[in-house]
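Data first, discussion second: the structure below is written as structure tokens.
The values are calculated or read from the model by the stated rules, or taken from the named source; none is laboratory data. Values in this document were obtained by computation on a predicted structure and should not be read as measured data. A quick note on method: Cβ atoms are made from the backbone with ideal geometry, for glycine too, and the neighbour counts reach across all protein chains shown.
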Amino acid sequence: MYRKRCWWRGNSFSIFIDKLYEINEKLGDLYFTTNKYEKAVYQYEKLIKEYPDNLRAYYKLWNIYEKTKNFQLAENTIRKYIIIDPIQGNCEL
């Protein structure tokens, strides 16, 4: 779970942010499994914008680009993934 830092707003706001993250990720997963790739890409990009160090969203986005044979975007996405976490990125490739 990725938590956006909102210490000044209190615990209830932080929990709300966590739930929004979960909803966006699950929605992206649902779109992916139902082959609605454009909508899934939108959800994962939204997660990455809010949580730039979110490796799961990068990985899922990479899977979509691979599946749709958009290899240039897939390569760009996985490069960003590796920049964030070189050890994890090289292990999963």
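Of note:
- Single residue of the stretch 1-45 satisfying the filter (hydroxyl-bearing (Ser, Thr, Tyr) and more than 13 Å from Lys60 (Cα to Cα)) that is modelled with the highest pLDDT: Thr34
Results for (1) in contact (Cβ under 8 Å) with a residue 12 or more places away in the chain; (2) farther than 25 Å from Ile82 by Cβ; (3) surrounded by 19 or more Cβ atoms within 10 Å (Cβ to Cβ); (4) not β-branched (Val, Ile, Thr), shown as yes or no for each residue.
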residue: Lys19; (1), (2), (3), (4): no, yes, no, yes
residue: Leu30; (1), (2), (3), (4): no, yes, no, yes
residue: Thr33; (1), (2), (3), (4): no, yes, no, no
residue: Tyr44; (1), (2), (3), (4): yes, no, yes, yes
residue: Leu47; (1), (2), (3), (4): yes, no, yes, yes
residue: Leu55; (1), (2), (3), (4): yes, no, no, yes
residue: Ile64; (1), (2), (3), (4): yes, no, yes, no
